[in-house]
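One structure is given below, encoded as structure tokens.
The values are calculated or read from the model by the stated rules, or taken from the named source; none is laboratory data. The structure presented is a predicted model; accordingly, all values stated were derived computationally and were not measured. FYI the Cβ positions are ideal-geometry reconstructions off the backbone, even for glycines, and counts take in every protein chain you see.
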Amino acid sequence: MSRITQTLETLKAQGRKALIPYVMAGFPQVDATPGVLHAMVDAGADIIELGVPFSDPMADGPVIQKAGEHALANGIGTAEVLAMVRAFRARDAATPVVLMGYANPVERYDQGHGTDAFVRDAAAAGVDGVLIVDYPPEECAAFAATLKTHGLDLIFLLAPTSTDARIAQVARLASGYVYYVSLKGVTGAGHLDTAAVEQMLPRIRAHVHIPVGVGFGIRDAATATAVGRVADAVVIGSRIIELIEKAPPGQAAQAAGAFLLGIRQALDA
């Protein structure tokens, strides 16, 4: 059983919802990421999604795009992201870490380090799962098999436009959890329709028998709580990036932790 599955099953047994924050690796400073990750765990994060910066992030809105550009300017690539995970693991052997990004950095890493090097090195660093936005299920059965061999979960996005056939296709390959994009748009949009989320989740669960997390557009305790009533996990990214960016120098970890503590308390209330 993977760390992700174990974490989600434990939370389900406790009657609690998973809190999954997203941050961009190497933002705002190269050395800030491990501290931010630890602060979020201390505040109640159950699983961490760590962004791998990429120059053309098609699913990301302006906030995460800007963070990714900043990280790239700081010299952050896939090897540096894996080093951050190793640094995080030196103090935390329990909290699952999911790398979220795009196909290009994965394939470039393999070109430079050998076939399946990304999966091998991610597993060795302590990564628990990957979410590759532009790997559709019909094209990544071999990738999924390689991840499974190394004990990593493959997480997919589903959207309001996903057909029943696509949902069933994802269900055959996905493990850990699936991530439902709650709106038609990019990350950071502010028009979350919780009623539409509630209507969509039974369609997803008719095919998907692992936990369902919901993200995109969750910015505060009220929207997190509303989503938590129907989803298994709440994913928050752009709002955390905004707070980290606005924090005084050296205060990124404190800003992220303080925000997530409020979300955790609301979800558990």
Do the conditions hold for Y109, that is, is it among the hydroxyl-bearing types (S, T, Y) and closer than 24 Å to Y180 by Cα?
-> no
Filter the range 11-27 for residues that are more than 18 Å from the chain's Cα centre (by Cα) and not in a helix (DSSP H, G or I); the one that is surrounded by the most Cβ atoms within 10 Å (Cβ to Cβ) is R16
Give the residue that is farthest from G262 (Cα to Cα), with candidates limited to residues of the range 31-58 that are in a loop (DSSP other than H, G, I, E, B) and of a type in the set (D, E).
-> D56
Among residues belonging to the range 97-148 that are of a type in the set (S, T, N, Q) and in contact (Cβ under 8 Å) with a residue 12 or more places away in the chain, point out the one that is farthest from P34 (Cα to Cα).
-> T146
Apart from one, (1) free of Cβ contacts under 8 Å to residues at least 60 places away in the same chain; (2) more than 20 Å from I47 (Cβ to Cβ) all hold for R239; the odd one out is (2)
Which condition breaks for G217 when tested against (1) surrounded by 15 or more Cβ atoms within 10 Å (Cβ to Cβ); (2) on the phi < 0 side of the Ramachandran plot; (3) at pLDDT below 95; (4) part of a loop (DSSP other than H, G, I, E, B)?
-> (2)
Subset of the range 84-135 (residues that are crowded, with 23+ Cβ neighbours inside 10 Å and among the acidic types (D, E)) = D128
Residue count, the range 171-200 (criterion: crowded, with 18+ Cβ neighbours inside 10 Å and either at pLDDT 85 or above or on the phi > 0 side of the Ramachandran plot (or both)) = 13
Please specify each residue of the range 27-40 satisfying the condition of being out of contact with any Leu (no Cβ under 9 Å at 6 or more places or on another chain) and hydrophobic (A, V, I, L, M, F, W, C).
-> F27, V30, A32, V36
From the set of residues in the range 48-83 that are within 18 Å of V119 (Cα to Cα) and of a type in the set (D, E), which is surrounded by the most Cβ atoms within 10 Å (Cβ to Cβ)?
-> E49
State which residue pairs qualify: first residue under 16 Å from N104 (Cα atoms) and inside the range 72-87, second residue surrounded by fewer than 17 Cβ atoms within 10 Å (Cβ to Cβ) and of a type in the set (D, E, K, R) in any location, beta carbons under 8 Å apart, and separation of 6 or more residues or different chains.
-> T78/R108
Taking the options A45, A39, name whichever one is out of contact with any Gly (no Cβ under 6 Å at 6 or more places or on another chain), farther than 20 Å from F118 by Cα, at pLDDT 95 or above and crowded, with 19+ Cβ neighbours inside 10 Å.
-> A45
Looking at the range 129-162, which of the residues that are touching a Phe, Trp or Tyr at 6+ places or on another chain (Cβ under 9 Å) and of a type in the set (D, E) is farthest from P105 (Cα to Cα)?
-> D153
Residue in the range 108-130 that is of a type in the set (S, T, Y), within 17 Å of T78 (Cα to Cα) and part of a helix (DSSP H, G or I) present = yes
